Structure formats: C-alpha cells, structure tokens
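> Please find one structure pasted underneath; my questions will follow.
Just so it is clear, none of the values below were taken in a lab; they were calculated from the coordinates. Note that the coordinates shown come from a computational prediction; the quantities given were computed from them, not determined experimentally. With ideal geometry, Cβ positions are generated from the backbone for all residues, glycine too; neighbour counts draw on all protein chains shown.
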Amino acid sequence: MSVGLIAPRLDVIKPSPSMAVTARAIEMRVAGIDVVSLSAGEPDFATPPHIVEAAYEAMRRGETRYTAVDGTAALKKAVAGKFRRENGLDYGPSQISVAGGAKQIIYNALLATLASGDEVIVPAPYWVSYTDIVLLGEGKPVVVACTEAEGFKLAPQALRAAITGRTKWLLLNTPSNPTGAVYSRDELAGLAAVLLDHPHVHVLTDDIYEHILFDGRSFHTIAGVEPRLKDRTLTVNGVSKAYAMTGWRIGYAGGPEPLIRAMATVQSQSTSNPSSISQAATIAALEGPQDFLRPQALEFQARRDRALQLLRAIPGLTCQTPEGAFYLYPNCSALIGRRRPDGTQIGSDDDLSLYLLDQARVAVVQGSAYGLSPHFRISIATSMDLIEKAIGRIGEAVEALR
Ligand SMILES: Cc1ncc(COP(=O)(O)O)c(C=O)c1O
C-alpha cells in the first residue's frame, strides 16, 4: 500500500472501543477460551415475530427497491405518530429523517452542520461515537465531566460555563450509555433555562434507550419539556434497543426542516435510503403492539438489581444505581495502583479491563473509552446466569490483586 493513502482526517479517530473488546473476546473464544462477554451494546432478545413477518410481507409485496433517501412516506407517518403519542411532539413529514441507525442520524446531523472549529458540548461519560463523529466533522468536542456525585448528569451551571460563541451543539443522551443516568423533567428544565439564554446553541438529544427505564420512572425529552427549544432541537431515536432490531439498521429523528433537508443531502451522497425492508419492519415496530416493552424493561431491571448486588459485594468496587438502559458503570478507583499476581501494576481502567479479560475471562469496556475514569462498563444485555458467572469471576480476579 502506498504511503499517504489513508486520509489525515482518520488520524484523529479510532474504531469503536466497545467493538474492539468484543472482537478480542470473540478471538479468545475461537481459540477455545471460555470468555463471558459483558461488552455487548445490544439486547439479547429476538426481534418480535410480528416485526419479522412485516419484513417478509414487504418483500413479497415487492418493496425491494430504492425509496426516498430519508425514509418512505409511510414510515415518516409512523415516526410522526410515535413522537406525538409518546413524546407529545408534533413533527410533519418534512421534519422527520430516517437513516441506517441512530448513529447515521447523528453523523448526518453533525456533518451537515459543523464548520471547522465549531464546538460541541459532550457531557462525559458519553457514548463512544459522539466525540469521534464530531472530530470527523472537524468540530471540537468540549467534554464536560459529570461526576458520580452529580449522578453522571450535566448540571445547568456546568452547561453555562461550557458555552462559548463557537458552541453549535449540546449533545444529550437519556437514558445514558454507559451510566444508565436518566434526566428528570426538572433536570431538563434546568438545562433548558440555560439554553434559552443562548439562542445560537442547538440540542441533539439521543433518546434511543427511552423504553428501558427502571423503578417506575417516566421518560422526558427536552423539546417536550421546553417547547421553545423545539426549533433548535434534533430529537433522535431508533428501533435498535427497544425492539431488539440492532441488525436492521433503522434510526430516525425529528427536527427543524432546514436541518432535516441538509441531513438528507449528506445521506444522499453516502448510503442513500436505509433498507426498504427494514423500513417496512419499523412501521410494524412503531405501530404494532407495544405490550412487550414493559416486561422487557422489568427483565433488565431484575438483572440490574442482581448485578448491583453482586458488584457491591466486591471489595474495591462501588457502583451507582442505573435508572435505565442496560449498563452498569462501576467505579474501580480503589483498585488502581494494585498489582496483578504476575506483579504488573494496574495503572488505569484500561489495565484493569485487560486484566479482567486475561484473568477472569470476562470482557468489559474500560471507562477511558467513555471519557470518565476510573470506571468500567458492563452490559446486562445477557442472561442472568452469565451475569452471575461473570461477576463471580470478576470478584475472584479482584481478590487476586495485591
Ligand atoms: C447512546 C447510543 N446512541 C446510539 C446508538 C446507535 O444506535 P443505532 O443502532 O440506532 O445506530 C447506540 C448504540 O450502542 C447508543 O448506545
């Protein structure tokens, strides 16, 4: 390969770290090692049968051709219905965009809007892709650390302090990957009050874990809480997590028409429309029965409870209670500086995650990937048996540290 083939813009980004851990765990498994992976970012449930059936029907009807770039009229209608019904948000078809996953929606939005040096406020810990997508768009991520003591949530005064004349976007994610933190109505109202003072700042809210909420919590999204922000908010969602449809690749958003048009332009020169078949299946997901969502969230809640109980029994680990999503984000600061049985020092959460993979044969993702250390993320999107087995092994490995 000739030197200089790969563009400099790739120097600033890295492949998704959670995918890197998953890949290493798969390699170990292929080599015959019994690895338990707690690194998955996808539900372990099957896509509900009525959604699968809708895909077959679409193919039989001949819906196998190109569609409008950012979604069929029928799907946009279903998305508009979802936003109205579940979030009290009114979006017309020209204010809705459909793409190959929420990730592509976010990519389209940032690529369509960032000029070199534009700032994007990213509360940490954050989903790994946010900062890299900002960098690909030549923007500048302004990472604001949100500590465990703050519930891993952005406080209004921290938002105010982070805003400059170059701020283009605030990225919000509720419920959060990796912490499971969920913003209450009041907390969103507090952020909204700051944003009302700064009309040049737009908000991208990633609500993809909306339906995975614990302890009877209800979901709020910022454009619903403060309607005066609706014209500068992109409300992002998708079917990957709620409907166990990660492989179908459909995400969607509601937002101001000029932004939606610009996003379609980006998509028209990259992937064109998302799969016509997946779009038809998504209509069935959004308009079909929703009664399985609650039991599904309760199943995640039971796993969260068990995982918390086991983790908190491990000396050296503490863990905040996640309010939604399917991750836990234990704090491992007490283990930093300790030594592995072979004498190597654990200097960071990267070291600890590698140690857990080697010693406990459990794959987790290091907190450094999410911009707030020392922590690691475990996913509970796996069976109770495997959660118990994995955390048991983590406990033994931690005990072996000196
Ligand atoms: C916070 C967050 N946003 C977006 C995504 C991507 O979702 P999609 O499958 O719709 O691209 C993920 C997936 O892990 C996520 O955790």
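> Loop-only check: which chymotrypsin sites (Phe, Trp or Tyr not before Pro) in the stretch 173-259 are DSSP coil with at most 10 other Cβ within 10 angstrom?
none
> While we're here: Within the chain, which DSSP H helices have Cα atoms that stretch 15 Å or more along the helix axis and a mean Kyte-Doolittle hydropathy of at least 0.5?
Both cut-offs are met by 102-113, 185-196, 276-287.
> For Val203, enumerate residues with amide H under 5 Å from its amide H, sequence gap 5+ or separate chain, H modeled in the peptide plane.
For Val203, whose amide H was placed from the backbone, the distant partners under 5 Å are Leu170, Thr233, Leu234.
> Taking 0.36 nm per residue of sequence separation and subtracting the Cα-Cα distance, how much length would be gained by fully extending the chain between Arg185 and Val52, in nm to one decimal?
44.4 nm
> How far, in nm, would the chain grow between Ser268 and Ser348 when pulled straight, counting 0.36 nm per residue and subtracting the alpha carbon separation?
24.5 nm
> Shifting gears a bit: Label-point separation (nm) for Tyr66 and Glu27, each offset 7 Å from Cα along Cα-to-Cβ?
Placing both labels 7 Å along Cα→Cβ, they lie 4.0 nm apart.
> Given the stretch 17-124, what whole percent of its Cα pairs are spread farther than 26 Å? Could the numbers behind the result be given before it?
Numbers: 2757 of 5778 pairs.
Looking at the stretch 17-124, the distances longer than 26 Å represent 48 percent of pairs.
> Quick check for me: using +1 on Lys/Arg Cβ and -1 on Asp/Glu Cβ, what's the dipole size of the chain about its Cα centre, in debye to the nearest 20? Show your work: numbers first, answer last.
Details: 39 positive and 41 negative charges, 71 e Å.
Here the chain has a charge dipole of around 340 debye.
> Same structure again: Would the stretch 325-402 count as rounded, prolate or oblate if I go by the C-alpha gyration tensor, calling it rounded below 1.5 in a/c and otherwise prolate when a/b exceeds b/c, oblate otherwise?
Since a/c reaches 1.5 but b/c is at least a/b, the shape of the stretch 325-402 is classed as oblate.
> Restricting the count to DSSP beta bridges whose residues both fall in the chain, what percent are antiparallel, rounded to a multiple of 5?
Of those bridges, close to 45 percent are antiparallel.
> Could you sort the peptides 82-91, 198-207 by per-residue average Cβ neighbour count (10 Å cutoff), highest mean leading? Mind showing how you got there, number by number?
Values: 82-91: 17.6, 198-207: 20.4.
Top of the packing list down: 198-207, 82-91.
> Output the antiparallel fraction of DSSP beta bridges having both residues in the stretch 170-276, as a percent to the nearest 5.
Working: 4 of 12 bridges.
For the stretch 170-276, the DSSP antiparallel bridge percentage is about 35.
> Grab the DSSP H runs of the chain that are 4 residues or longer, score each as -39,500 (n - 2.57), total them, divide by all residues and round the 222 nm result to the nearest 500 deg cm²/dmol.
Theoretical 222 nm ellipticity from helices: -11500 deg cm²/dmol.
> Each residue of the stretch 165-176 in turn: what ³J(HN,Hα) in whole Hz from Karplus with 6.51, -1.76, 1.60 and θ = phi - 60°, glycine and Pro shown as x?
Listing the rounded values in order: x, 8, 5, 9, 9, 10, 9, 10, 9, 9, x, 8 Hz.
> Follow-up. Holding the Cα-Cα limit at 19 Å, pick out from Lys82/Lys241; Lys77/Lys103; Lys140/Lys168; Lys77/Lys241; Lys168/Lys230; Lys14/Lys103 the pairs that are longer than that.
Working: Lys82/Lys241 15 Å; Lys77/Lys103 21 Å; Lys140/Lys168 10 Å; Lys77/Lys241 21 Å; Lys168/Lys230 15 Å; Lys14/Lys103 15 Å.
Flagged as over cut-off: Lys77/Lys103; Lys77/Lys241.
> Sticking with this structure for a sec: Provide the packing ranking of 364-377, 303-316, i.e. peptides ordered by the mean count of other C-beta atoms within 10 Å per residue, highest first.
Per-residue Cβ counts within 10 Å, averaged per peptide and sorted highest first, yield 364-377, 303-316.
> What ranking of Met59, Met245 emerges when the number of other C-beta atoms within 10 Å of each C-beta is taken as an exposure proxy, fewest first?
Met59, Met245
> So what is the relative contact order for the stretch 186-238, in percent, with contacts set as C-alpha pairs under 8 Å and at least six apart?
Reported relative contact order: 48 percent.
> Moving to a separate point now. Compactness ratio of the chain: Cα Rg over 2.2 N^0.38 Å, N = residue count?
After normalising by residue count via 2.2 N^0.38 Å, the value is 0.99.
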